[in-house]
Amino acid sequence: MCQAEDNDTELVNEETDDQPVPSDEANSAEMSDGMEQQPTSQQQQHGSKHKEDNDRPTRPPHPYNNASLFSKIFFLWPYPLLQLGMQRPLTDGDLPNVAQVDASQRNLKYIQRLWRDEQERHGDKSDLRRALFRDFMKTLWFIQPFMGAAALAKIIQAVCLGNLIEFFEENDDKENSTVNPNEGYLWAMGLVLCGSVTLFEHHHVFFYGWRKAMQYRVASVAAIYDKALRLSSTHPETLAHYGRILNLASNDVERYMFTTLFVSFLWWAPLQAVGILVTGVVLVGWAFCVGIAVLVILFVPLQTWLSHSFAKFRSNIAAITDQRVNFVSQAVRGARVMKLSGYETQFLERIQEFRALEIHQIQQANRLKAANEALFYATNVVISFVVFIVHVFVFEQELTTGGVFLTFTLVNILQLELIKHVSIAVMTTSECSVSVHRIQQFFSFPEIDTALNGSGTINRDAVDDEPGEPNHTLDRNVAISMQNVSCPWNHVTQVLPKSEAPLQQNDNIIDNVESAATSPQHNGPSLSWALHDATVDFEYQSLTAVIGPVGGGKSALIQALVQELPVTSGSLRRGYKTLAYASQDAWVMDGTIRENITMGHEYNAIWYEEVIQACCLSLDFTQLRDGDQTVVGDRGVQLSGGQRARVGLARALYKNADVLIADDPLSAVDARVGRHLFQHAIMGLSVNKGKCVILATHQHQYVHDARCLLIMDGGHLKCIGTYQDCLAASGGKLTAHDADNSSEAEASSSKSNTARSNNLIEDEKQPASLVEDGEAIKDGEQNEKGKQGSLPPWVDGQSERRRIRKTMRLLPLLGPCRHLLYS
């Protein structure tokens with residue numbers, strides 16, 4: 001189980017690069033099936049702990065933090081790194097540390113605080129888009145004056161250009177010229193100064209805009225990952241499949257990049273257009289208004305329609321991409337079953353269908369983009385042509401060289417701002433709005449550490465204690481205490497109608513929930529109970545086996561203990577600090593086997609060796625080319641089901657947690673390995689060391705001496721007692737299994753198999769004695785029932801013995817390995 005802690009630390013002075021980030025150990029990378037390892041004194045006596053990957057090079061500080069104002073204005077601070085890269089290839093140690101303001105941990109807390117403040121202000125009407133836009137305007141306010149100065153400089157530059165051309169034209173006739181010869185220098189100087197302002201504004205606005213976009217991107221990716229660790233795997237409304245999460249963290253977050261750059265043009269471009277209109281009317285004439293009218297009436301609405309169409313296609317493409325990526329990921333994970341079943345063609349056709357729909361939407365969006373580009377390049381020519389025609393034929397005025405250049409320049413600025421920048425701003429803002437809304441929906445999914453009370457709100461009291469916060473009111477020997485706990489599979493946001501009086505945790509809560517689920521006032525579906533009215537205590541230094549028929553609710557109890565199922569009623573109290581969980585479907589990440597077992601914790605060679613010995617992984621390491629350094633996962637070696645189960649159990653054991661919860665890890669291994677895992681891993685490294693172990697299993701031969709919990713249909717806890725008590729309470733739904741408590745089972749099994757094979761060979765030499773001594777054979781079979789088990793009822797004993805005798809004729813060819821036929 002991956003458990004993440006709440007990040008409630010407030011940030012101050014957000015915009016300082018060298019601001020120290022408050023330490024938050026609870027938010028450190030604990031990416032394992034359990035919680036943080038708490039080494040015992042016994043482990044410390046084994047020797048010093050060895051750390052891996054500690055030879056990372058020391059990085060220099062970020063050059064921007066200590067750069068001077070002059071260096072920041074002219075972008076001189078990255079030059080030393082570029083110069084070093086020209087002299088030799090850069091190494092990992094040459095790259096500077098990430099600035100604190102750009103760090104993932106800081107930005108994760110930052111966006112969480114923004115979302116929390118937005119929820120406090122607006123409640124159910126909270127909008128992440130509004131929160132991000134408010135933060136953008138608050139933190140990047142200083143770029144707005146730069147953009148205003150650049151807008152004004154572009155207009156002045158156009159005027160200077162027109163007057164400079166008029167100056168050159170009038171100076172051609174030097175004898176009749178009345179223009180001051182120094183006036184041309186003034187207009188040229190104005191051109192240079194306005195160009196410099198535009199140059200510095202463009203690069204600095206892009207730098208700070210890109211940097212803010214990267215901060216939003218890093219914050220969103222970190223928040224998506226943090227949220228994914230908290231999602232409920234059992235909630236029916238989550239819909240957080242692998243493809244959707246991958247698409248959010250890879251495609252949707254990229255929409256920040258252009259939005260932060262161009263969103264400011266949505267208000268500066270209209271203001272600049274008004275300034276250009278006034279300038280054109282004063283210097284060119286009223287014909288310039290006609291050209292602006294054509295631009296505003298014809299081209300701007302067309303650009304707006306194209307931008308909204310882009311947003312629509314973006315939403316459709318994102319939805320289809322989610323489906324395709326999810327389906328492809330399922331095909332990759334189940335490639336072996338797909339090939340064995342011959343489903344390659346069917347899967348390929350389904351994937352091609354999704355891809356065809358996606359390509360169709362992309363092609364339509366690209367057609368609109370092509371039309372947008374064509375419209376952009378045609379605008380300048382069309383508007384200028386209209387202005388010149390109206391100026392000459394309607395107002396009957398003469399065109400001058402300076403007027404033509406001024407008109408072209410002003411229209412070109414309008415074209416760039418209103419047609420290009422505004423259209424990009426509308427398009428990127430629309431796409432970003434869709435992406436942020438999708439991210440907000442993901443943030444709104446229910447989490448595993450919440451519990452629903454009767455009114456449908458989050459009820460922290462239903463879970464008295466969080467992991468890592470032991471309840472001191474419990475008995476010191478009790479690790480987990482459950483009192484009348486009920487958990488539904490289809491938990492909904494509204495279970496009971498709202499009531500003025502708060503519900504109390506008593507025996508009547510379950511009846512109230514049941515009546516609400518079936519009452520006419522309840523709009524949701526009837527509750528399907530995963531666990532119903534369970535009362536049990538789990539103690540340290542004990543093994544509790546959870547048994548029952550398939551679908552009875554064993555995994556539901558495990559899910560409730562690890563907070564994957566919300567507790568709607570009752571009390572669940574915890575008296576432990578750390579917990580480890582070995583799931584039924586073991587998870588393996590992309591990395592080495594050792595990384596999968598240690599999972600980010602310090603490497604202790606002695607304890608690690610004990611764990612892999614107990615989990616029977618030593619033989620597997622010898623068969624792998626790189627041992628425990630073999631890369632596994634989607635990009636490495638594919639482990640078998642039994643190997644994955646043992647790696648998952650080894651990961652949980654390596655945590656050395658107070659509580660070990662295992663969901664049937666013995667089902668994926670054979671009898672010999674299962675016996676070893678139970679005796680050495682579960683009992684040896686857990687129960688015998690004072691741990692609380694909760695084991696859900698169908699391997700009943702190992703739990704005869706353990707306390708057993710019998711869970712029947714509907715999650716009802718029928719019996720708590722010995723294995724025989726649970727067997728009697730099952731009403732015949734459980735099949736009795738003989739106890740397997742022999743510590744030397746492997747040796748005795750090998751000896752007995754060898755003896756039986758030798759006896760059968762001797763019997764083959766004297767077939768007549770087998771017929772004459774048939775009763776003796778039957779007696780021998782009865783004696784072997786306790787060790788080997790009786791034959792199934794549908795197998796005829798005499799026919800089976802004849803088959804064995806025929807098989808024994810081939811045993812001399814096998815030599816010493818003939819006993820393997822009976823193992």
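The values are calculated or read from the model by the stated rules, or taken from the named source; none is laboratory data. What you see is a predicted model, and the numbers here were worked out from it, not measured in a lab. Every residue, glycine among them, receives a Cβ derived from its backbone with ideal geometry; neighbour counts consider all protein chains shown. Please note that ligands, DNA and RNA were not included when accessible areas were found on the heavy atoms of the full protein model with its side chains. Shrake-Rupley method; radii C 1.70, N 1.55, O 1.52, S 1.80 Å.
Some notes on this structure:
- Any hit, the stretch 460-480, residues being of a type in the set (A, V, I, L, M), at pLDDT 80 or above and closer than 30 Å to H308 by Cα: no
- Test: residue in the stretch 622-640 that is within 30 Å of E539 (Cβ to Cβ), assigned to a loop (DSSP other than H, G, I, E, B) and aliphatic (A, V, I, L, M): no
- Yes/no for I419 being without any contact (Cβ under 8 Å) to a residue 40 or more places away in the chain, assigned to a helix (DSSP H, G or I) and among the β-branched types (V, I, T): no
So that you can scan it fast, the table gives a plain yes or no per residue for (1) buried (at least 20 other Cβ atoms within 10 Å of the Cβ); (2) part of a loop (DSSP other than H, G, I, E, B):
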{"residue": "L695", "(1), (2)": "yes, no"}
{"residue": "C708", "(1), (2)": "yes, no"}
{"residue": "I711", "(1), (2)": "yes, no"}
{"residue": "I720", "(1), (2)": "no, no"}
{"residue": "G732", "(1), (2)": "no, yes"}
{"residue": "T735", "(1), (2)": "no, yes"}
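A quick yes/no check of all residues on (1) open to solvent by 90 Å² or more (accessible area, probe 1.4 Å); (2) of a type outside the set (A, V, I, L, M, F, W, C); (3) touching a His at 6+ places or on another chain (Cβ under 7 Å); (4) at pLDDT below 90:
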position: H46; (1), (2), (3), (4): no, yes, no, yes
position: A67; (1), (2), (3), (4): no, no, no, no
position: L84; (1), (2), (3), (4): no, no, no, no
position: P89; (1), (2), (3), (4): yes, yes, no, no
position: N107; (1), (2), (3), (4): no, yes, no, no
position: Y110; (1), (2), (3), (4): no, yes, no, no
position: W115; (1), (2), (3), (4): no, no, no, no
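- Pairs where the first residue, in the stretch 603-620, is in contact (Cβ under 8 Å) with a residue 40 or more places away in the chain and assigned to a helix (DSSP H, G or I) and the second is small (G, A, S) and open to solvent by 10 Å² or more (accessible area, probe 1.4 Å), C-beta under 9 Å, 6+ apart: A605/G47; I606/G47; E610/G684; A614/G684
- In the set (1) out of contact with any helix residue (DSSP H, G or I) (no Cβ under 9 Å at 6 or more places or on another chain); (2) buried (at least 24 other Cβ atoms within 10 Å of the Cβ); (3) of a type in the set (S, T, Y), the condition left unmet by S569 is number (1).
- Qualifying residues in the stretch 268-310 (those that are small (G, A, S) and over 30 Å from H360 (Cα atoms)) - the one surrounded by the fewest Cβ atoms within 10 Å (Cβ to Cβ): A293
- A residue that is open to solvent by less than 60 Å² (accessible area, probe 1.4 Å), within 14 Å of S430 (Cβ to Cβ) and β-branched (V, I, T) can be found somewhere in the stretch 313-334.
- Odd one out for S583, checked against (1) over 20 Å from the mean Cα position of the chain (by Cα); (2) open to solvent by 10 Å² or more (accessible area, probe 1.4 Å): (1)
Okay, residues lined up against (1) part of a loop (DSSP other than H, G, I, E, B); (2) under 29 Å from F146 (Cα atoms):
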site	(1), (2)
T58	yes, no
N66	yes, yes
S71	no, yes
F75	yes, yes
L90	yes, no
P96	yes, no
V101	no, yes
R106	no, yes
R116	no, no
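- Index of the failed condition, G715 passing every other in (1) under 30 Å from the mean Cα position of the chain (by Cα); (2) more than 15 Å from A545 (Cα to Cα); (3) open to solvent by less than 20 Å² (accessible area, probe 1.4 Å): (1)
- Residue count for the stretch 366-405 satisfying the condition of being outside any helix (DSSP H, G or I) and either open to solvent by 70 Å² or more (accessible area, probe 1.4 Å) or aliphatic (A, V, I, L, M) (or both): 5.
- Residue match in the stretch 360-368 (condition: aliphatic (A, V, I, L, M) and touching a Phe, Trp or Tyr at 6+ places or on another chain (Cβ under 6 Å)): yes
- Considering only residues in the stretch 640-674 that are of a type in the set (K, R) and open to solvent by less than 40 Å² (accessible area, probe 1.4 Å), the one that is nearest to I480 (Cα to Cα) turns out to be K655.
- Restricting the stretch 127-145 to residues that are crowded, with 18+ Cβ neighbours inside 10 Å and free of Cβ contacts under 8 Å to residues at least 60 places away in the same chain, the residue that is farthest from G190 (Cα to Cα): A131
- The set of residues in the stretch 422-458 that are crowded, with 22+ Cβ neighbours inside 10 Å, at pLDDT below 75 and not in a loop (DSSP other than H, G, I, E, B) contains only L452.
- Subset tally (residues that are open to solvent by less than 70 Å² (accessible area, probe 1.4 Å) and more than 17 Å from C289 (Cβ to Cβ)) for the stretch 410-421: 5
- Filter result for Q352 (surrounded by 13 or more Cβ atoms within 10 Å (Cβ to Cβ) and among the polar types (S, T, N, Q)): no
- Selection count, the stretch 504-551, where residues are at pLDDT 50 or above, more than 18 Å from Q483 (Cβ to Cβ) and open to solvent by less than 10 Å² (accessible area, probe 1.4 Å): 3
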